[in-house]
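To start, the structure itself, in structure tokens.
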Amino acid sequence: MALARQDYIAPWWTYWLHNFPHVNFHFQAVDDAFKPEDAEYRQSLIFLACVSAVGLGLSLLVLSVYLTWLFCCRRVEDEDVKRPDTCCVTWAAVITGLVICSAVGVGFYGNSETNDGVYQLTYSIYNANHTLDGIGSKVGNTLDNMRVGLKEHLERLDEIFSPRGEYTKSLRFLQQMANNIIQQLTAMPDTSKLQVDLAAIADQTAYMEYYRWLTYLLLLILDLLICLVTCLGLAKHSRWLLAVIMVFGVLTLIMSWASLGVGTATAVGTSDFCVSPDKYIINQTKDSLSSDIAHYYLYCSQTLPNPFQQSLTIYQKSLTTMQIQVQGLLQFSVAVFPTAEKDLLGIQRLLNSSEFNLHQLTALLDCRSLHKDYVEALLGVCYDGVEGLLYLCLFSLLAACAFSVLLCAVPRAWTLIAIRDRNYDDIDEEDPFNPARRITAYNPGRSQVHSFCSYSSSMGSQTSLHPPLPTTSSTPEYMNQSMLFERNPRYENVPLIGRGSPPPSYSPSMRTTYLSMTDAQIRHFGTDLQV
């Protein structure tokens, strides 16, 4: 039966994903209908998941080739470079960081959307399970009333009314009406099996969704941490942080490609279901539900008759007839058989309880409640769920590409930091203008040795050196040194490298001043300034 669905329309992205090629391990096309129990269909989904393994292999191959070229071929070129160009590495790190942050934002949104869709699915399944539980409970209570409670009352009344044949005939008629009700209720489908299946599906889905959500959350946090540590490592020129980034970057690259494959396969499989969900459900329930019952609840159209209407009508008519019979017995037989009143009132209470169950059962068997849960489950899975999976796939793809670039930029940054450290340490220790030379701390027991940088800095714009002042026994040595340096004690015994200031620039006048120093000045300052 082909009916138009007015309440659920599959979104366009489900058709787009549904058109993805479905190929088994032998590269043969298979049917794209949702059949998870079919081995070839499962192979087609696994094949889609393995496509991401090709991307992972290409990424690792490109990374290996680049590292080989960087550490083997480019090392000779870098040895002759004094000030390498870091612009490319800087921009690569900035762009990669922006892409990773954008991908993480997309991932958080997709993870939330998928979780909302799965939650709506499980919530609808639990609601449908509650409805089926109510149907089974009402049917079971009514059958117990007719099979056990009514039978006990009729057996006692049969003994009481045995002298009067017309009363026993009424009792047999009551039993006949009760049998009609039992027959109609037992003809209804057993909801206990469906109830167990729905409960198991909901529990398993909620369990898997929790760990899926948690896994993606940890992956998103890991991506952010790697991005932050990368910025810190580049800012601090820390090679051990860059080494940590390389290790976790490769791990994250593998997880990104893996999540892309799993997400793609899951999205395609879900879309295959969303394109034609009615067909799959009818095939799954054909052993426990007839086709007219399945269509009634799946479509809930006014043109479709209620398959339980006839049974409910017979139930109501039989119950009404029984109530009339019991009311007549109460009116005429109690005066003759007073002991029968208790059992007749008991039967009347059972019939009233059965009538209450009939009204609730009629409402529960109506298609609107179960159909509403069915449509909400479809909307949750096929709209929010699949949309969230698409965003997660986009996140995985962006993260995989960004980390591929990052893993190429980090080794280059490593080599640049190594070149920087090498150039910093490659200074002639005999150079009198070496700013890296350390001056020993002041010691009152020995003469203080000054660097020429400190001495010349205190001279300002003077072109000649003052002669050394004589040292007397009453004048401390550090005071004479302060007087020598224009009585400015802030230059006393403080090398430029220790003050955190840059070294003075070389100029011809400074070297001329140094070469024109007298022997007395050289003896005073020691051999520290000799070329």
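Below is a table of values for the structure above.
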{"quantity": "Virtual spin-label span in nm between L222 and Y66, 7 Å along Cα→Cβ", "calculated": "2.0 nm"}
{"quantity": "When each of K317/K372; K35/K372; K193/K372; K138/K279; K138/K193 is checked by Cα-Cα distance, pairs over 27 Å", "calculated": "K317/K372; K138/K279"}
{"quantity": "Net length gained if the chain between E152 and S291 were fully extended (0.36 nm per residue, minus Cα distance)", "calculated": "46.1 nm"}
{"quantity": "Phi to ³J(HN,Hα) by Karplus 6.51 cos²θ - 1.76 cosθ + 1.60 over segment 123-131, Hz, x for Gly, Pro", "calculated": "5, 5, 5, 5, 5, 4, 5, 5, 5"}
{"quantity": "Förster-model FRET efficiency, 35 Å R0, S238 and V51, C-beta, rounded to 0.05", "calculated": "0.40"}
{"quantity": "Accessible area of V196 in the full protein assembly, 1.4 Å probe (Å², nearest 10)", "calculated": "100 Å²"}
{"quantity": "Label-to-label distance, nm, for residues given as C101 and I281 (7 Å Cα→Cβ offset)", "calculated": "4.5 nm"}
{"quantity": "Computed lengthening from D133 to K342, 0.36 nm per intervening residue step minus Cα-Cα distance", "calculated": "71.9 nm"}
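The values are calculated or read from the model by the stated rules, or taken from the named source; none is laboratory data. The model shown is predicted, which means the values in this text are computed figures rather than measured ones. All Cβ positions, glycine included, derive from the backbone under ideal geometry; neighbour counts span all protein chains shown. The area values use the complete protein model at the heavy-atom level, side chains included, leaving out ligands, DNA and RNA. Shrake-Rupley method; radii C 1.70, N 1.55, O 1.52, S 1.80 Å.
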